[in-house]
1. Determine, yes or no, whether THR141 is buried (at least 18 other Cβ atoms within 10 Å of the Cβ) and either closer than 24 Å to ASP256 by Cα or β-branched (Val, Ile, Thr) (or both).
2. Among the residues of the stretch 458-490, write down those that are under 29 Å from the mean Cα position of the chain (by Cα) and of a type in the set (Ser, Thr, Tyr).
3. Please list, ordered by residue number, the helices (runs of 4 or more DSSP H) wholly in the stretch 444-549 having 1 or more residues that are among the aromatic types (Phe, Trp, Tyr).
4. Among the residues of the stretch 353-364, write down those that are buried (at least 24 other Cβ atoms within 10 Å of the Cβ) and either within 18 Å of LYS449 (Cβ to Cβ) or among the small types (Gly, Ala, Ser) (or both).
5. So if I check each of LEU208, LEU246, which one is out of contact with any Ser or Thr (no Cβ under 6 Å at 6 or more places or on another chain) and among the aliphatic types (A, V, I, L, M)?
6. For the condition in contact with a Leu (Cβ under 6 Å, 6 or more places away or on another chain) and assigned by TED's automatic domain parsing to the domain that holds PRO487, what is the one hit in VAL657, VAL635?
7. Being exposed (fewer than 15 other Cβ atoms within 10 Å of the Cβ) and not charged (D, E, K, R) is the filter; apply it to the stretch 739-753 and report the residue that is farthest from ASP410 (Cα to Cα).
8. All but one of (1) buried (at least 24 other Cβ atoms within 10 Å of the Cβ); (2) within 30 Å of ILE602 (Cα to Cα); (3) among the small types (Gly, Ala, Ser) hold for ALA706; which doesn't?
Amino acid sequence: MNDIEPMTANSDVQRLDFNTPALQRKRRIRALKDHLARWYVTIGGLAVLGAITLIFFYLGQVVLPMFQGAELEAREVQRPAWLAEDNQALLLAIEEQNQVAMRLNADGQVRFFTLADGAPLANIALALPADSRIVSVGQDTPGTRRLVLGLSNGQALVIEHEYQITYPNNQKTITPRIVYPFGEQPLQLDGEGRAIEQAAVSLNGKTLLVAGATGTTLHAQRIASSENLLTGEVTLEQQRLDLPQLAEPIRALQIDPRHMWLYAVSGKASADVFDLRRKQLNGRYKLVADGAEITAVSPLLGGISLMIGDSKGGIGQWFMVRGADGSAELRNVRNFTLADSPVSQILPEERRKGFLALDRAGTLGIFHSTAHRTLLKEQVADGAALAALSPRATRLLVESPQGLQRFVVDNPHPEISWSSLWGKVWYESYAEPDYVWQSTSANTDFEPKLSLAPLAFGTLKAAFYAMLLAAPLAICAAFYTAYFMAPALRRKIKPVIELMEALPTVILGFFAGLFLAPFLENHLPGIFSLLLLMPLGILFAAWSWSRLPERVRLGVPEGWEALLLIPVVLLVGVGSLAISGHLENWLFGGDMRLWLSNDLGIPFDQRNALVVGLAMGFAVIPTIYSIAEDAVFSVPKSLTLGSLALGATPWQTLTRVVLLTASPGIFSALMIGMGRAVGETMIVLMATGNTPIMEANIFEGMRTLAANVAVEMPESEVGGTHYRVLFLAALVLLMFTFVMNTLAELIRQRLRGKYASL
């Protein structure tokens, strides 16, 4: 061995200079790059946080206006000269353009005037019989201009007030008029000529039904019109309906718009409901609490609901529902409170299920029935008054002893409340409260059904079935490839699985909707036998492999055994699908779908949660697998080798060392996969029936929040209630993922701190 001479001070040794200009310049450039990278990462992170915050603020400013109440803006009180000259007003009305108002007097004079300043436009005398006067006024369902006038001589006159719009010299002109759609000759309701104290009218198609009341006596007459196709002559056929006499005086009448029910409010607190088709009494119902009297009755838009005001300031909503025995009965659905004074008038909106109520003290309330929401209570008059609401519910006209008072009503989103969004709502004609999403309808009397509960349920349902498939497969695959698989095989398998994530979800949804859904429907027994036989087949193959001679088993390199399962999986899959038809004939009478529906009572839709679970699970697997596999593979080899050296088996090392150490990363993988499943749009949009129902049945479809936004946003009116509810759905989805990710990070940090000592 050669001796090494020690280096002395006099040794001729070449020294390196680490302070040359080139090295100094390189260090400065590197420091500058580090400084720029630090600022770049910091600014990028702050920009991401700022963007998320701005998204929250933007969604919030779109959503918050829905939960604001109504507002009234008073205009100057008008005291036109004609107001003191006219008799007592029986009815006020406002036309569509908020420019012309109508006032019906008790002497049969109809005055039209401008809403802005009260200037008179026309004064029309109705074609009343001599020596008769108007005793009562009945209106058809909200949205029509049809009235019936009960006269003092036992007759009834049907009229309509119309407003013709013309543009002479490019100037908009509204010409009001009174028309008699069924002739100027009044109908004789009471044969004895007694006054018609209460009146009601309803037009269903070409059939007019007029009802009147004199004391305890009911009168009803049906008029059917028919037109001769050759001559164009219109003939009217009248039919009198025989109705029983009531025990108490009748105080109000209302007719169902389908001509099924006649509601006669009699006495102080009750109503008799007549079945017009069977011409018999359906039942007698008490409408107000003890000690209260009925003071106002009005239908809501569509005529299905009756709003009953009482002497204690309460307002109840009633409509016919099917009872437990199958018979129809009048049911109290919800109640509102205005004030302490008796309710004098109820004004239904003509385009929404809202209404206004006025009491004898001059207090006005704005309510919405479906949302069960009180939007405003305000004093608008000093004492009793008569009011009219415009068709668009944007103007209010109040006549009181002080004069004519106009109000501008700002009430853009009355149909939204927390109860209507997340609770069960009892909708008109429904047998019981329910969660329903139905944002549009062809019917103008549509009651908005904007419950987000079935959409949120559908989102969680789709994510649950997707994770039920994806989580076990992805986590187990991650364990095997990172811990047991040979490195050479792992380098080939992992990129292939991660490449699955690049497959567009629209392709997966298209495949699931057009091929997978009908395939599953036609091979249901085979699919379920596959789910049962596949684990058994793999376990049997593993047991058989363990019983083979050692020289055979050692012939396969360690970590390559998984390739032997490929033919097993293919064989079990092909065999299960091959016996599907035979199983269906032997066990389910030839059709498993009908067997599920008829014998078990389980509804079956072709595009259901099973299809979504398979398709979305396939899309989520790569995300969970990639993160979990990296977490497992990153466990230090020293831990696994030390465990094995101490005598632990590979399985014990996996479950007691590797799993605990990699648990933060595995949990993050599951949460990210869950977030991906919750936010998925295209697969659930194309692979389900998009039915917003709350059923956990795997054979029924669903509608998710994301899919609902994608489907309905193009059809919504910008700034409308439907538009803002869709933004609320997006906000709920964002908050859900934000909360889930925050909790996931907190749990991950806790797991990391707990198992950091391993």
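1. Values: buried (at least 18 other Cβ atoms within 10 Å of the Cβ): yes; either closer than 24 Å to ASP256 by Cα or β-branched (Val, Ile, Thr) (or both): yes.
For THR141, the condition - buried (at least 18 other Cβ atoms within 10 Å of the Cβ) and either closer than 24 Å to ASP256 by Cα or β-branched (Val, Ile, Thr) (or both) - is met.
2. THR459, TYR465
3. On the way: elements: 453-479, 487-499, 505-511, 517-522, 524-546.
Once the helices (runs of 4 or more DSSP H) in the stretch 444-549 are filtered for at least 1 residues that are among the aromatic types (Phe, Trp, Tyr), what remains is 453-479, 505-511, 517-522, 524-546.
4. Across the stretch 353-364, the qualifying residues are LYS353, GLY354, ALA357.
5. Numbers: LEU246 fails: out of contact with any Ser or Thr (no Cβ under 6 Å at 6 or more places or on another chain).
Going through LEU208, LEU246 in turn, just one is out of contact with any Ser or Thr (no Cβ under 6 Å at 6 or more places or on another chain) and among the aliphatic types (A, V, I, L, M): LEU208.
6. Numbers: VAL635 fails: in contact with a Leu (Cβ under 6 Å, 6 or more places away or on another chain).
Being in contact with a Leu (Cβ under 6 Å, 6 or more places away or on another chain) and assigned by TED's automatic domain parsing to the domain that holds PRO487 holds for just one of VAL657, VAL635, which is VAL657.
7. Restricting to residues being exposed (fewer than 15 other Cβ atoms within 10 Å of the Cβ) and not charged (D, E, K, R), the top hit is GLY753.
8. (1)
The values are calculated or read from the model by the stated rules, or taken from the named source; none is laboratory data. Note that this is a predicted model, so its numbers are computed, not measured. No Cβ is skipped: glycine too gets one built from the backbone with ideal geometry, and neighbour counts run over all protein chains shown.
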